[in-house]
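Report on the structure given below.
The values are calculated or read from the model by the stated rules, or taken from the named source; none is laboratory data. Small disclaimer: the values here were computed from a predicted structure and weren't measured. Counting neighbours? That spans all protein chains shown, and the Cβs are built from the backbone with ideal geometry, glycine included.
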Amino acid sequence: MSFNGFGKEGAAALGLVLKENNILEDLNVSNNRIPPEGAIYLATGLKVNKTLKSLNVGKNPIQNGGCFRILKAVHENPSSALESFNCSDIPINQDFEDLYTRVKENFPLLRVNHGGRIGSFRKAKA
């Protein structure tokens, strides 16, 4: 479902689908212009979803806050099946890293792919 321009409205519909769906295991909504507000809708669905194993929201303008909300929803869902969360090209911050460490305690199989850390630039060697 990538490259469909869902935006916030499409993410809201997908959030409802994730609440009710008990079959879907892989969802790729990359490149869909989903804003941070749209990520909140996705997170709402993920708080109760028990079947989704792979979620790709990469290359959307959801920013660190959207990625954080999605990961937090997984953390709050003890029945989550998520094993792969791809938010490529979206830089994350230390709060996200700290949450990911806590999530890994309950979901050791979960792997996250992101666009690097905010503020992790290194000085060039002379």
Exercise. Quick one: would you say residue 13 is under 19 Å from residue 112 (Cβ atoms), more than 12 Å from the chain's Cα centre (by Cα) and small (Gly, Ala, Ser)?
Worked result: no
Problem set entry | Options 29, 48; residue that is of a type in the set (A, V, I, L, M, F, W, C), modelled with pLDDT of 95 or more and under 22 Å from residue 106 (Cα atoms) | 48
Exercise. Is there a residue in the stretch 4-17 that is among the polar types (S, T, N, Q), assigned to a helix (DSSP H, G or I) and either surrounded by fewer than 20 Cβ atoms within 10 Å (Cβ to Cβ) or at pLDDT 95 or above (or both)?
Worked result: no
